[in-house]
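Engineer: The structure under discussion is supplied below as structure tokens; questions concerning it will follow.
Just so it is clear, none of the values below were taken in a lab; they were calculated from the coordinates. No experiment lies behind these values; they were computed from the predicted model shown. Cβ sites come from the backbone with ideal geometry, for glycine too, and all protein chains shown count toward neighbours.
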Amino acid sequence: MREVLEYIEQNQQRFLEELKDFIRIPSVSAQSAHDTDVQKCATWLKDHLKNLGLHAEIIETKGHPIVRAQGGNSNSQNDTPPKRLIIYGHYDVQPDDPLDQWKSPPFEPEIRDGFLYARGATDDKGQLFCHIKAVEALLRTRGKLPCEVLFLVEGEEETNGDSLADYIRQQKPELAQNLSGVVISDCSMYDENTPAITYGLRGIVAMEVQVKGPIKDVHSGTYGGVVGNPATALANIIAQCISADGRILIPGFYDDVRQLEDFERDNYAKLNFDDQNLKKELSLRGLFGERNFTTLERAWARPTFEINGIFGGYTGQGNKTIIPATANAKITMRLVADQDPKKIGKLVKDYLQAICPDYVNIQVSEPTGEKPVLIDIHDSLVQVGMEALKQGFEQDAAYIRCGGSIPVVDTFWRELQKCVLLMGFGLDTDGAHSPNERFRVQSFFKGIKTSAWLLDNV
Ligand SMILES: [Zn+2]
């Protein structure tokens, strides 16, 4: 590996310049005004991968194209075909607004205090580019890769990701051939000194609730005490869903929740999460959540119930003495293994309808959701990833989970039945989706080395 690592070190400034070129293309997938930029970015990436010697192509979809590139080890001498690794990434980015809050223009990358600032720096162009430059280093020094690499890079991650999910389903038998697993770097390290493998993601289920009272807003003096108030009814209904300390009260909600293993609790405890710091950072009077679970346990491995928005009645200036006609709430729940969003969605919908008082009507929308994911950390690819992080960052790596969802992980996992290795080179403080998004330059260089070690160890 010495010559590979030397190649990376000798070329890292050029790698950085190339990453800047990639970032300068404003591939905002959500805004149709950027459609040609998205197309241009896909072509730029395809050409770049082709120049490395990979078989690269653009796959048109009903939405934004997928860039696919494959290669590595075709001249293998023996009969057993080489192991394949799929590397996932996305070349599309979030919109750049609010523009006035950027210290440097979002699509003119600038390096300040060790960070590369630009839209897409960490999410996901910078992290994806780590793998691309590792492949270059291996190919240029050895002429072939230690395993077969297949890049699948989508342009719709920041919108819906439908096209890639369809593609994976359609191409399943072909993609799964000799597959060791899927590598994704579109997430974070634990902190700047602790690289990490994310082995768990929470799922989600979402629904909207509307409580209906009188046919129109009516006078609270004339009708108060006689006509039931939908806003009060909604508040009562919600109060029966979750206790003040975060315990979800819906019968059966916890039935399928997989309990934390002792080794997980030990691992999280060792990370020494700083509750006081979080309180300070968010100006909180106190932290919230279920008793008998630490902050990291609650954020990573326990389900939640949240009202994302609640509205109804008069919200303008001064008083308006009415009983409103309707009240609404948007509700999401984060789920953990082995909760099923369909089952939980039905459970919650039935419960809300059952506890609704008989003086109002309730309408609950059809729940939608994503499944939670929990990867077996004993899988050999995870072990190889852990070793590669140690080698690339020269620091011990941690096993962590993430409270959010990455839907493509579940798609890969379910369709291909192979380990998905979530190896983030970013930081939670990188400001993905926010103004002044950034990527630590050192993480970029170390990420390239990590990826090279990973491919070599597979
Ligand atoms: Zn991303």
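Engineer: Between their Cα atoms, which of 125/346; 103/125; 133/172; 20/50; 418/449 are more than 29 Å away from each other?
Structural biologist: 125/346
Engineer: So in the chain, what percent of DSSP beta bridges are antiparallel if you round to the nearest 5?
Structural biologist: In the chain, approximately 70 percent of DSSP beta bridges are antiparallel ones.
Engineer: Once phi is turned into ³J(HN,Hα) by the Karplus curve 6.51 cos²θ - 1.76 cosθ + 1.60 with θ = phi - 60°, what whole-Hz value does each residue of region 87-100 show in order, with x for glycine and proline?
Structural biologist: 10, 9, x, 9, 9, 8, 10, 6, x, 9, 6, x, 4, 5
Engineer: For region 288-386, run through the GluC sites (Glu not before Pro) and keep only the ones in DSSP coil with at most 12 other Cβ atoms within 10 Å of their Cβ.
Structural biologist: Counting only loop positions with at most 12 other Cβ atoms within 10 Å, none of the GluC sites (Glu not before Pro) in region 288-386 qualifies.
Engineer: Straight-line reach only, C-alpha to C-alpha below 17 angstrom: list the aspartates and glutamates that residue 280 could link to, leaving out same-chain residues fewer than 8 apart.
Structural biologist: Output for residue 280: 428.
Engineer: Same structure, new question: Over region 302-371, with a single point scatterer placed on each C-alpha, what log10 of the ratio I(q)/I(0) does the Debye formula yield at q = 0.14, 0.18, 0.27 1/Å?
Structural biologist: Reported log10 I(q)/I(0), two decimals: -0.57, -0.81, -1.33.
Engineer: FRET efficiency for residue 247 and residue 33, Cβ-Cβ distance as r, R0 = 41 Å, nearest 0.05?
Structural biologist: Numbers: r = 47 Å, r/R0 = 1.14.
For residue 247 and residue 33, the calculated efficiency is 0.30.
Engineer: Need the full-extension length gain, residue 13 to residue 103, defined as separation in residues times 0.36 nm minus the C-alpha distance. One decimal, nm.
Structural biologist: Working: separation 90, 0.36 × 90 = 32.40 nm, distance 2.32 nm.
Extra length from residue 13 to residue 103 when fully extended: 30.1 nm.
Engineer: Once the Cα gyration tensor of region 336-458 is found, what semi-axes does its equivalent ellipsoid get, as square roots of 5 times the eigenvalues, in whole Å, sorted largest first?
Structural biologist: Numbers: eigenvalues 318, 73, 23 Å².
The three semi-axes for region 336-458 are 40, 19, 11 Å.
Engineer: Please list, ordered by chain and number, the residues whose modelled amide H lies under 5 Å from the amide H of residue 87; skip anything fewer than 5 residues away on the same chain.
Structural biologist: Residues meeting the criterion, in which the H sits 1.01 Å from N, are 150, 151, 152, 183.
Engineer: Excluding same-chain residues fewer than 8 positions from residue 342, which lysines have a Cα within less than 17 Å of its Cα?
Structural biologist: Of all the lysines, those that pass the test against residue 342 - Cα under 17 Å, at least 8 places apart if same chain - are 371.
Engineer: Counting pairwise Cα distances across the chain, what percent come out greater than 31 angstrom? Before the final figure, lay out each step's value.
Structural biologist: Numbers: 50886 of 104653 pairs.
Distances greater than 31 Å cover 49 percent of the Cα pairs.
Engineer: Now for a separate question. Spelling out what I want: for every residue of region 410-416, take phi, set θ = phi - 60°, compute 6.51 cos²θ - 1.76 cosθ + 1.60 (Karplus), and round to whole Hz; glycine and proline get x.
Structural biologist: 5, 4, 4, 5, 6, 7, 9
Engineer: What is the ratio of the Cα radius of gyration of region 1-138 to 2.2 N^0.38 Å, with N the residue count, to two decimals?
Structural biologist: 1.17
Engineer: Would you please give the FRET efficiency between residue 279 and residue 208, computed as 1/(1 + (r/R0)^6) with r the Cβ-Cβ distance and R0 = 30 Å, to the nearest 0.05?
Structural biologist: Once the sixth-power term is evaluated, E becomes 0.40.
Engineer: Turning to a different aspect of this structure: Per residue of region 55-60, what does 6.51 cos²θ - 1.76 cosθ + 1.60 with θ = phi - 60° give for ³J(HN,Hα)? Whole Hz please, x for Gly and Pro, Karplus curve as stated.
Structural biologist: Calculated HN-Hα couplings, in order: 7, 10, 8, 9, 9, 6 Hz.
Engineer: Name the residue farthest towards the positive end of the dipole of the chain from the options 398, 160, 29, assuming +1 on Cβ of Lys and Arg, -1 on Cβ of Asp and Glu, about the Cα centre.
Structural biologist: 160
Engineer: List every residue whose amide H lies under 5 Å from the amide H of residue 203, counting only residues 5 or more places away in sequence or on a different chain, with H placed 1.01 Å from N in the peptide plane.
Structural biologist: Amide H neighbours of residue 203: 335, 336, 373.
Engineer: Turning to a different aspect of this structure: List the residues whose amide H sits under 5 Å from the amide H of residue 93, counting only those 5 or more places along or on another chain, with H placed 1.01 Å from N in the peptide plane.
Structural biologist: Result for residue 93 returns 27, 28, 29.
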